[in-house]
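Before I ask anything, here is the structure I am working with.
The values are calculated or read from the model by the stated rules, or taken from the named source; none is laboratory data. Computed from a predicted model, the values in this text were never measured in an experiment. Reconstructed Cβ throughout: ideal geometry from the backbone, glycine too, with neighbour counts over all protein chains shown. For the accessible areas, the whole protein counts, side chains as well, though only heavy atoms, and no ligand, DNA or RNA atoms are used. Shrake-Rupley method; radii C 1.70, N 1.55, O 1.52, S 1.80 Å.
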Amino acid sequence: KLTLFVYPSTIETWCIKKTCYNLEIALNQKEKSEGLMHRTYLAPYRGMKFIWLKEEFRFMWMKNTLIPLDILWLDENKVILNIKEVSNINNESIIKSNKKAKYVIELPLGSSLKNNIKIGDKLRKLNF
């Protein structure tokens, strides 16, 4: 069965320490609701960045998400507040931030460990 996806129109390159990721930007409610659902593969150094207008406790889930992920919550200054490795795919359990966050980044599972990403690290945009 072939599944086609309509990806968010904006992809930006963001870096944590010396590692950069091409992140699809989820701005509107539809993009945020669908996230990485129904995808069977996420290439290394790819992911999704969710953006909200203000910091709040953020809730994510893995419903219809078929790939394991690292989920990173960031504050308004793009500093990482929390990291969770989620290998329990296609699950409706709620995954909650432990602090108020303005941004959430989803990366392939193991990205944080492989690239030594830690709480307190800062996300920065790569400008060409």
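Every residue in region 8-46 that is farther than 19 Å from residue 78 by Cα and of a type in the set (D, E, K, R), please.
Within region 8-46, 30, 31, 34, 39 qualify.
In addition: Restricting attention to region 73-128, and to residues there that are over 24 Å from residue 33 (Cβ atoms) and of a type in the set (A, V, I, L, M, F, W, C), which single residue is most open to solvent (accessible area, probe 1.4 Å)?
Across region 73-128, the extreme among qualifying residues is 128.
What number of residues in region 46-72 are among the hydrophobic types (A, V, I, L, M, F, W, C), open to solvent by less than 50 Å² (accessible area, probe 1.4 Å) and either part of a loop (DSSP other than H, G, I, E, B) or within 11 Å of residue 106 (Cβ to Cβ) (or both)?
Summing the residues that are among the hydrophobic types (A, V, I, L, M, F, W, C), open to solvent by less than 50 Å² (accessible area, probe 1.4 Å) and either part of a loop (DSSP other than H, G, I, E, B) or within 11 Å of residue 106 (Cβ to Cβ) (or both) in region 46-72 gives 8.
Would you point out the residue of region 82-123, among those that are charged (D, E, K, R) and within 25 Å of residue 41 (Cα to Cα), that is nearest to the chain's Cα centre (by Cα)?
Looking at the filtered set, the residue picked out is 106.
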